[in-house]
Amino acid sequence: MRFLTGIMALAAVFVLLAGAAAAATAADDSGKKADMQSMTQESSNPVGKLWMITNQFNFNLQQSPKGRLFREPHLQFNWNFQPVMTFDLSSDLRLITRPVLPVYSSPYAAGPHTVKNVAGLGDAEFMAMLTPVSNSKFLWGVGPTAVFPTATDKHLGAGKWQLGGALAAVYMDDKWVAGIFPQQWWSIGGDPDRSGVSLTKAQYFLWYSPAPTWQVGMSPNILIDWLQKKSEDAVTLPIGLGVAKLVMLGELPVKIAVEADYSVIRPRNMVGTEWTFRLSITPIIPKLF
């Protein structure tokens, strides 16, 4: 029931934002066409000015080389719903907010010889970042980040309230977008029977635009679990390759991207992701307020 309620809430938010975006687009009679190439590059910038509704669909092949049940890959599905909203606080300072609401269908070890699947909401994230408004090619932002124990099943979340910090460092011109976007969380409360959390998620990205509205590159996520007892289980380091294209659906710009990432370093004694195949669909909407 909580899972269905969460799905309905996500759908309602998406409909409201999309409806408001359509109304704002229809109301814009300025007659000016957007610079599609500039929008293509800006949409890959984590400290950019655009409003976006990112829908990221991840198909993760999970495996544990030394684990009996997960020696063969098992598929985990993850949908991350990520609205990105920006607010100009002044002529030289911008606030960027980025909630993440994850939905999973995930395998787990239910016994010595049994792998089962569970579906539901994962732990929600929220980040607020301040960044200078600048015409420089070198951009940065910093702010707090949090994780909330919203998971509908213990196998889909950590069961902990978490706080930490986020940082972004970006280089962007008309052809390249490159940078790193790390977040670090520490548990500050939650289920006392669950393990504590000290986790780094660092997205690094490199995109090249060989032609207007096209990009080729990658944007994998490095994971570092600082509380793992064995160092060989602490790090997940993927590399990847993807392609992205900005298209117009009526009056609405939508960025569509596909990417495949392979984890050259991943946990050996516990379940980790070997391959990720990702589809992202990102409508870029006018600022609503």
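The values are calculated or read from the model by the stated rules, or taken from the named source; none is laboratory data. Keep in mind it's a predicted model, so treat the numbers as computed, not measured. In this analysis, Cβ positions are derived from the backbone assuming ideal geometry, glycine residues included, and neighbour counts consider all displayed protein chains. Protein only, heavy atoms only, side chains kept; ligands, DNA and RNA dropped before computing areas. Shrake-Rupley method; radii C 1.70, N 1.55, O 1.52, S 1.80 Å.
Quick one: D88 ticks every box in (1) open to solvent by less than 50 Å² (accessible area, probe 1.4 Å); (2) in a strand (DSSP E or B) except a single one, so which number is it?
It is condition (1) that D88 fails.
Of everything in the stretch 108-135, what is at pLDDT 95 or above, open to solvent by less than 30 Å² (accessible area, probe 1.4 Å) and part of a strand (DSSP E or B)? Give them in sequence order.
Selection gives V118, G120, A124, M127, A128, M129, T131.
Provide a single number: the residues in the stretch 231-252 that are hydroxyl-bearing (S, T, Y) and part of a strand (DSSP E or B). Walk me through how you get there before you give the answer.
Filtering the stretch 231-252 for residues hydroxyl-bearing (S, T, Y) gives 231, 236.
Now restrict to residues that are part of a strand (DSSP E or B): 236.
Number of matching residues: 1.
Which one of G120, G141 is over 18 Å from P182 (Cβ atoms) and in contact (Cβ under 8 Å) with a residue 60 or more places away in the chain?
On the way: G141 fails: over 18 Å from P182 (Cβ atoms).
The match here is G120.
Go through (1) within 16 Å of the chain's Cα centre (by Cα); (2) hydrophobic (A, V, I, L, M, F, W, C); (3) open to solvent by less than 20 Å² (accessible area, probe 1.4 Å) for L167 and report which single condition fails.
Here L167 clears every test but (3).
Which residue out of W207, W214, W185 is buried (at least 20 other Cβ atoms within 10 Å of the Cβ) and touching a residue at least 60 places away in the same chain (Cβ under 8 Å)? Before the answer, list the steps.
Details: W214 fails: buried (at least 20 other Cβ atoms within 10 Å of the Cβ); W185 fails: touching a residue at least 60 places away in the same chain (Cβ under 8 Å).
Result of the check over W207, W214, W185: W207.
Might you check whether a residue that is open to solvent by less than 60 Å² (accessible area, probe 1.4 Å), within 23 Å of the chain's Cα centre (by Cα) and at pLDDT below 80 occurs anywhere in the stretch 29-48?
Looking through the stretch 29-48, none of the residues is open to solvent by less than 60 Å² (accessible area, probe 1.4 Å), within 23 Å of the chain's Cα centre (by Cα) and at pLDDT below 80.
Among residues belonging to the stretch 136-168 that are more than 10 Å from W185 (Cβ to Cβ) and of a type in the set (S, T, Y), point out the one that is modelled with the lowest pLDDT.
If we take residues in the stretch 136-168 being more than 10 Å from W185 (Cβ to Cβ) and of a type in the set (S, T, Y), then S136 is modelled with the lowest pLDDT.
Quick one: would you say Y104 is at pLDDT 95 or above and assigned to a strand (DSSP E or B)? Full working, then the answer.
Numbers: at pLDDT 95 or above: yes; assigned to a strand (DSSP E or B): yes.
Yes, satisfied.
If you check A151, A109, A169, which single one turns out to be touching a residue at least 40 places away in the same chain (Cβ under 8 Å) and not β-branched (V, I, T)? Talk me through it step by step, then tell me what you get.
Details: A151 fails: touching a residue at least 40 places away in the same chain (Cβ under 8 Å); A169 fails: touching a residue at least 40 places away in the same chain (Cβ under 8 Å).
Answer to the check: A109.
Across the stretch 210-228, which residue is farthest from K160 (Cα to Cα) among those that are out of contact with any Gly (no Cβ under 9 Å at 6 or more places or on another chain) and polar (S, T, N, Q)?
Initially, the stretch 210-228 is screened for residues out of contact with any Gly (no Cβ under 9 Å at 6 or more places or on another chain), giving 210-214, 221-222, 224-226, 228.
Subset that is polar (S, T, N, Q): 213, 221, 228.
On the way: T213: 41, N221: 21, Q228: 16 Å.
So the residue we want is T213.
Every residue, every condition in (1) touching a Phe, Trp or Tyr at 6+ places or on another chain (Cβ under 8 Å); (2) at pLDDT 95 or above, yes or no:
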residue	(1), (2)
W214	no, yes
E232	no, no
K245	yes, yes
V271	yes, no
